[in-house]
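Everything on this sheet refers to the single structure shown next.
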Amino acid sequence: MEPTTNIPITDALERELNPWLAAEARFDEAANRLGLDEGLAKVLRTPAKELTVHIPVQLDDGRLEVFTGYRVQHSIARGPAKGGVRYAPDVTLDEVRALAAWMTWKCAVVNIPFGGGKGGVVCDPRVLSDFELERITRRYTAEILPLIGPERDVPAPDMNTNEQTMAWIMDTYSMHVGRTVTAVVTGKPLDLGGSRGRPEATGRGCMIVAREALRMLGVEPASARVVIQGFGNVGGMAARLMSRAGYKIVSIIEVDGAVFNANGLDVAALAEHRRQTGSVVGFSAAEAIDPSTAMFLDCDVLMPAARENVVTSENAARIRARILCEGANGPTTPAADRILAANGVFVIPDILANAGGVTVSYFEWVQDRQGFFWNEDLVNQRLEEIMVENFGRVVDYAARHGVDNRIAAYMLALDRVAFAIKLRGIYA
Ligand code: NAD
């Protein structure tokens with residue numbers, strides 16, 4: 001895990017940046033505050049099932065290669081496991097485990113009837129052809145087939161996988177069971193049972209919770225200044241939708257540069273500039289600013305929507321945003337949480353802020369199972385209801401229990417999953 005500052009890596013910093021330890025720290029604090037029974041805490045922190053597969057795949061040049069893949073189901077207490085599949089050279093079982101647990105809490109925070117799962121294949125998609133990726137995907141699917149299914153475990157895209165990957169998984173599963181089963185994955189192409197509104201869903205969910213937080217703090221959304229890190233799916237969609245709704249997107253920070261306009265960027269023009277040049281750099285209707293300091297601009301909403309560990313103990317004190325809306329997973333370390341709290345920054349934690357994506361995945365699964373598809377307005381309206389309701393619950397819970405929003409979100413989630421386990425009882 002690379003730190004985002006130029007300071008030397010110390011053991012303490014390395015521990016601070018470890019996502020598994022960060023998730024564990026929050027779990028422990030929430031479990032302690034809930035007074036969760038020790039045995040139940042043990043159940044909740046342990047993944048229910050882990051499968052490692054070694055998949056032989058013939059490469060385009062005729063060579064045979066063996067790839068390793070994983071599927072972890074952290075919990076199915078509240079419904080089928082739900083979670084993405086990522087392709088990357090450095091995927092580990094530990095990482096997949098941590099991400100699967102994260103999905104359990106995220107689905108529980110927004111109260112959708114799913115558990116948590118995650119999968120991955122150790123491979124480098126940059127050096128693989130589409131045919132090779134298809135063969136890897138199909139063989140991986142065949143190997144994890146006993147675990148997945150609309151009522152068991154429903155994969156989705158994650159890092160380096162996309163709609164096409166989901167179409168291959170869906171087809172492979174369907175060939176094995178002898179009928180077309182679109183509900184086995186979400187994030188599919190629209191023509192194969194995907195949902196309207198899914199590509200925008202995570203960014204839209206971020207916009208909704210940011211708007212609720214602004215209202216709470218008495219800031220008119222129309223006069224709010226927003227800084228977004230990451231101009232990809234989440235950040236790009238949030239920027240586009242928020243700019244259309246009248247917010248001033250004053251800065252967009254990308255990996256190779258950042259742009260600033262005090263009056264608000266023309267986001268559609270910036271997106272077109274990036275499409276043509278591959279970068280936000282050189283956009284004429286804005287000032288170029290240093291990407292390493294843009295996060296510390298004075299603003300109403302800062303939305304990290306790029307990657308993990310960007311707000312750490314090394315830089316949290318420099319954040320001048322009133323609201324930190326976590327579009328990315330794990331952008332803030334536990335040590336940074338304490339600094340932000342002391343400085344009165346209102347944090348909308350990742351497991352709530354970016355849950356719009358999995359919420360519309362749930363809608364996709366519902367539509368596939370019904371064979372009846374909703375129009376985009378209905379998708380957006382139902383997403384709005386779920387995000388607003390659960391934002392309110394998290395914030396109320398935080399106030400009632402005297403904890404920050406993140407711990408409140410974890411407490412709510414743990415409580416919901418623990419309650420389901422207690423109701424079901426332990427099968428033996
Ligand atoms: P993406 O690849 O579409 O976009 C990420 C963008 O961030 C890219 O444009 C990249 O160039 C930029 N970036 C990378 N490192 C950066 C840095 N250090 N500074 C500035 N910009 C940087 O990915 P995405 O799907 O938008 O996901 C972003 C984050 O949101 C991830 O943490 C992901 O796990 C999380 N997330 C995504 C979804 C979803 O539906 N896509 C749902 C929930 C959470």
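The values are calculated or read from the model by the stated rules, or taken from the named source; none is laboratory data. Not measured: the values here are computed from a predicted model. Heads up, the Cβs are rebuilt from the backbone with ideal geometry, glycines too, and the neighbour counts pull from every protein chain shown. Protein only, heavy atoms only, side chains kept; ligands, DNA and RNA dropped before computing areas. Shrake-Rupley method; radii C 1.70, N 1.55, O 1.52, S 1.80 Å.
For the reader, a short list of remarks on this structure follows.
- Computed in the context of the full set of protein chains, the accessible area of the chain at 1.4 Å probe radius has 50% of its extent on carbon or sulfur.
- Whole-number accessible area per residue in Å² for the chain, which is evaluated in the context of all protein chains at 1.4 Å: 43
- Solvent-accessible surface ranking, highest first, for HIS74, HIS401, HIS54 at 1.4 angstrom: HIS54, HIS401, HIS74
- One way to sum up the overall shape of the range 212-272 is the equivalent ellipsoid from its Cα gyration tensor, whose semi-axes run 20, 11, 11 Å, largest first.
- For the range 186-234, the extents of the C-alpha atoms along the principal axes are 43, 21, 14 Å, listed from largest to smallest.
- Normalised contact order of the range 97-195, rounded percent, pairs of Cα under 8 Å and 6 or more residues apart: 20
- The range 375-427: C-alpha gyration tensor shape, a/c 1.5 cut-off, then a/b vs b/c: oblate
- The range 190-345: C-alpha gyration tensor shape, a/c 1.5 cut-off, then a/b vs b/c: rounded
- Each helix, a run of at least 4 DSSP H residues, gives -39500 (n - 2.57); summed and divided by the residues of the chain, these come to -14500 deg cm²/dmol at 222 nm.
- Per-residue surface analysis assigns VAL43 an accessible area of about 70 Å², computed on protein heavy atoms at 1.4 Å probe radius.
- Considering only the range 41-151, percent of DSSP beta bridges that pair antiparallel, nearest 5: 80
- Mean projection area, nm², convex hull over Cα of the chain: 21.4
- Selection among SER292, GLN276, LEU423 by position relative to the dipole of the chain gives LEU423 as farthest towards the positive end (Cβ unit charges, Cα centre).
- Pairwise Cα inverse-distance average, inverted: Kirkwood Rh of the range 86-151 (Å): 13.4
- Antiparallel bridge percentage (DSSP; both residues within the chain; nearest 5): 50
- Scanning the chain for chymotrypsin sites (Phe, Trp or Tyr not before Pro) in DSSP loops with at most 14 neighbouring Cβ atoms within 10 Å leaves 1-371 as the longest stretch between them.
- With semi-axes defined as the square roots of five times the eigenvalues of the C-alpha gyration tensor, the equivalent ellipsoid of the range 118-275 measures 38, 19, 12 Å, largest first.
- Per-residue SASA entry for LYS49, accessible area with 1.4 Å probe, Å² rounded to 10: 100
- Unit charges at the beta carbon, dipole of the chain: most positive-side option, ASN261, LEU93, VAL358: VAL358
- The range 105-150-the range 349-426 distance, computed between alpha-carbon centres (Å): 22
- Cα-based radius of gyration of the range 271-391 once divided by 2.2 N^0.38 Å, which approximates compact folds: 1.32
- Calculated log₁₀ intensity ratio I(q)/I(0) where the Debye formula runs over C-alpha points of the range 64-205, q = 0.18, 0.19 Å⁻¹: -1.04, -1.16
- Dipole magnitude for the range 166-208: about 120 debye, using +1 per Lys or Arg Cβ and -1 per Asp or Glu Cβ, origin at the Cα centre.
- Computed magnitude of the charge dipole of the chain (debye, nearest 20; Cβ of K, R +1, Cβ of D, E -1): 1100
- Per residue Cα convex hull volume in Å³ - calculated over the range 297-337: 60
- Computed as a quarter of the hull surface, the mean projected area of the alpha carbon convex hull for the range 1-155 stands at 11.6 nm².
- Total formal charge among the other residues, if their Cβ is under 10 angstrom from that of PRO113, Lys/Arg +1 and Asp/Glu -1: +2
- Nearby lysines by direct alpha-carbon distance to LYS118 (threshold 30 angstrom, same-chain neighbours under 8 apart not counted): LYS42, LYS49, LYS82, LYS106, LYS188, LYS422
- Using a probe of 1.4 Å on the protein chains alone, the accessible area found for SER279 is around 20 Å².
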